[in-house]
Amino acid sequence: MKAEDRQGPIRPQGSAGGSHGAGTAGGAGSASRRRMLAALALPPLAAGALAACADSTEAVRRGGPAGDTATVRPVRTTLGDWTGVSDALGRTGDMKQGFMYHTGFPRRDLTVVSHGVVVKPALALASHVAFVRYADGNVLLMGDVAVTEGELQGYLDALNAHGIEQTAIHKHLLSQTPDIWWIHVHAHGGDPVAIARGLRAAFDRTGTPPPASPGPPSRSPDLDTAGIDAALGVKGSFDGEIYKSTFIRRETILDDHMVLPPGLGSTTALNFQPLGRGRAAVSGDCAMTAQEVRPALAALRKGGAQLVELHNHGLRDDPRLFFVHFWAVGDAVALARGFSPAVHTTNVRPFTPPTV
């Protein structure tokens, strides 16, 4: 079932005065102007009644004066609950926090170079998808997928053919060769296996390689992880040889009427790829509310970041979140110290993945 087919209101994504539809005759913007002109022509009491009516209509559209549309929460699942999804995707995933069935599709087939750095898959080429079961029996899919520019349109066509939304099409890297694009995918419905089959059809339009046997964890002796941890105020973890520092938003995040598990689609992450002699390439993603965007971007630039992309991950999130991808190369600890003020400008808390 597509998001637009569900019962219940969908939160508007922009203000009533936004540009969407403003230039269309008979659209929402034109209707709002007609109501305003009519109100100006009425006596004060009548104008007040008209305004109250408009407020009431907007309240109904939003689900009530306090936004009291019934929300639905995620439920805990186990790996055994996702066997059909695993079979459809052709690879085994893992559980995150007991709520998210997560599957990675690292682009090990690609040799991507950005600003002279050969990018490791875990740094910025790690496609992944997550499924969450909800108390009403439905399932939510969210993911972030890396494709080449030559694969992009075919991948999007396959997603659309299977009813899977694209909520962002953007870049994580600057001046990369070959050209890589990232797509945020989203679906909601009662049949997770059908959604997984749609994803598999889309991935089959790309060169995404089959799963590889996990190797021993890699540790880089020339990356001062203790210094990075101290600078950022979070205990990081290794993904292969990439060191990751992760934060999650403190707020409860909604996607339409669904409560998202902490961190799903809303993490701030700094990934450090060792380059030798304590240096690293850093690929980062910072989650922000609207009022946090300007100070966070200014702090990132002051800390030595090159800004790549400012965008959204979702279409119906509440609070509305913005994300900035950034890049830097230099002394790893110095960069961590430089980026710490930007991270702590935002309402996040440290997150350390549980040890398995």
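For the reader, a short list of remarks on this structure follows.
- The local environment of HIS115, defined by Cβ-Cβ distances under 15 Å, has a net charge of +2 under the rule Lys, Arg +1 and Asp, Glu -1.
- R0 of 22 Å, Cβ-Cβ distance GLU241-ASP204: FRET efficiency to nearest 0.05: 0.15
- Amide H to amide H, with H built 1.01 Å from N, SER283 comes under 5 Å of ASN271, GLN273, counting only residues 5 or more places away or on other chains.
- Summed residue charge, Cβ within 9 Å of PHE323's Cβ, Lys/Arg positive, Asp/Glu negative: -2
- Heavy atoms of the protein chains alone define the surface here; on that basis region 240-310 has 36 Å² accessible area per residue at 1.4 Å probe size.
- For HIS344, the solvent-accessible surface computed with a 1.4 Å probe is close to 100 Å², ligands and nucleic acids excluded.
- Region 202-277: C-alpha gyration tensor shape, a/c 1.5 cut-off, then a/b vs b/c: oblate
- Cβ-defined net charge surrounding ARG200, 13 Å radius [Lys, Arg +1; Asp, Glu -1]: +1
- Across PHE99, PHE323, the residue with the most accessible area heads the list, and the full order at a 1.4 Å probe is PHE99, PHE323.
- Taking a ≥ b ≥ c as the square roots of the eigenvalues of the Cα gyration tensor, region 114-176 is classed as oblate, since a/c reaches at least 1.5 and a/b does not exceed b/c.
- The 1.4 Å probe gives accessible areas that order THR346, THR71, largest first, as THR71, THR346.
- For region 219-259, the square roots a ≥ b ≥ c of the C-alpha gyration tensor eigenvalues yield an a/c of 1.5 or more together with a/b not exceeding b/c, which makes the shape oblate.
- Net charge dipole, region 258-356: roughly 280 debye, given to the nearest 20, about the Cα centre with Cβ charges of +1 for Lys and Arg and -1 for Asp and Glu.
The values are calculated or read from the model by the stated rules, or taken from the named source; none is laboratory data. A quick note: this is a predicted structure, and the numbers were derived from the prediction, not measured. Backbone-built Cβ (ideal geometry, glycine too); neighbour counts: all protein chains shown. All accessible areas refer to the heavy atoms of the entire protein, side chains included, with ligands and DNA or RNA removed. Shrake-Rupley method; radii C 1.70, N 1.55, O 1.52, S 1.80 Å.
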